[in-house]
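Heads up, the thing below is written out as structure tokens.
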Amino acid sequence: MQKVALITGTGGGIGKAIAELLLKQSYLVFGYSRTNKIKHPNFSFTKIDLSNLDAVKQLQFPKESQKDILLINNAATIGSIVPFDKKETRNIIQEYFINLVAPTILCKKFITTYPEDKKLLINISSGAANSPIHSWSTYCATKSALDMLTRVIAEENHKNLTVFSVHPGVVDTNMQSEIRNSDPKNFPLLSKFTDYYTQNELENTNIVAQKLLHIIKNSNKFNQNILSIRDVSIN
Ligand SMILES: NC(=O)c1ccc[n+]([C@@H]2O[C@H](COP(=O)([O-])OP(=O)(O)OC[C@H]3O[C@@H](n4cnc5c(N)ncnc54)[C@H](OP(=O)(O)O)[C@@H]3O)[C@@H](O)[C@H]2O)c1
């Protein structure tokens, strides 16, 4: 049976790594982001800016009956790293759209597009969902809300659906370099994040992708809906 994965944010980082790993596992992969570097006969790319509400509303997932289908809501932005009173309203709106409104709409589209198919829904969240981090107001708030969305969807026990929020840990991606490039006047934790980098403590995207694959392949073995990649062993 052909396995199908729909993944947002395949332009780089964790999304690109898991898309490439699933292609190696013979999945048909559909990627949704603003840019694309993946070239593979089983990869279909849709260029979309997830901060554009109309584009998200109009997006249609592939319609044919899939039998076994996966959605990974992975795309997100750390947003402007400034204290809350300095946050520009247009940035607040854009960051909520990318991190929360778009994934929420896509969760709904996923469940309603494939009512009879076996579905796995993974929302990529963050440890920031549980920790108030200075100057990350919208990021912490949207990830916290995404985790609660996961829990409510799980509570509703939708037909043929398994749902997780996954916290990937601190991973070597463009998001971390954006954090390291923030203004120390606005971000008191900057040295902690530069230390992760200089002390080689950032996780590699390929390891994170392998652990996500383990979750995908063993989805029936997890009792919790909120998972931390750090707790997943692949050895
Ligand atoms: N890296 C970490 O340490 C870390 C820690 C905890 C959680 N996470 C989570 O992991 C997930 C992946 O992040 P990452 O670390 O891989 O970051 P990343 O390298 O910055 O990747 C972000 C992805 O989201 C896409 N994206 C961003 N804005 C978009 C927009 N407006 N419309 C469509 N796509 C957009 C980007 O593709 P385009 O630029 O092509 O659009 C890119 O593929 C996120 O949910 C993040 O919150 C990461």
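The values are calculated or read from the model by the stated rules, or taken from the named source; none is laboratory data. What you see is a predicted model; the values in this text were computed from it and never measured. FYI the Cβ positions are ideal-geometry reconstructions off the backbone, even for glycines, and counts take in every protein chain you see.
From the list 86, 57, the lone residue that is away from the ligand (no atom under 16 Å from the Cβ) and of a type in the set (Lys, Arg) is 86.
Filtering region 211-235 to residues that are within 15 Å of the ligand (Cβ to nearest atom) and farther than 18 Å from residue 128 by Cβ leaves 211, 212, 215, 232. Of all residues in region 144-169, those that are away from the ligand (no atom under 16 Å from the Cβ) and among the basic types (Lys, Arg) have Cβ atoms under 9 Å from Cβ atoms of residues that are assigned to a helix (DSSP H, G or I) and modelled with pLDDT of 95 or more, 6 or more apart or on another chain, in 159/111.
Selection of region 114-142 for residues being more than 13 Å from the ligand (Cβ to nearest atom) and without any contact (Cβ under 8 Å) to a residue 40 or more places away in the chain yields only 132.
With respect to being surrounded by 23 or more Cβ atoms within 10 Å (Cβ to Cβ), out of contact with any strand residue (DSSP E or B) (no Cβ under 8 Å at 6 or more places or on another chain) and either part of a loop (DSSP other than H, G, I, E, B) or on the phi < 0 side of the Ramachandran plot (or both), residue 123 falls outside the description.
Matching residues to (1) closer than 25 Å to residue 144 by Cα; (2) in a loop (DSSP other than H, G, I, E, B); (3) at pLDDT 95 or above:
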| position | (1), (2), (3) |
| --- | --- |
| 2 | no, yes, no |
| 21 | no, no, yes |
| 32 | yes, no, yes |
| 36 | no, yes, yes |
| 39 | no, yes, yes |
| 45 | no, no, yes |
| 50 | yes, yes, yes |
| 65 | no, yes, no |
| 76 | yes, yes, yes |
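Total residues in region 172-187 satisfying the condition of being among the basic types (Lys, Arg) and either in a loop (DSSP other than H, G, I, E, B) or within 8 Å of the ligand (Cβ to nearest atom) (or both): the figure is 1.
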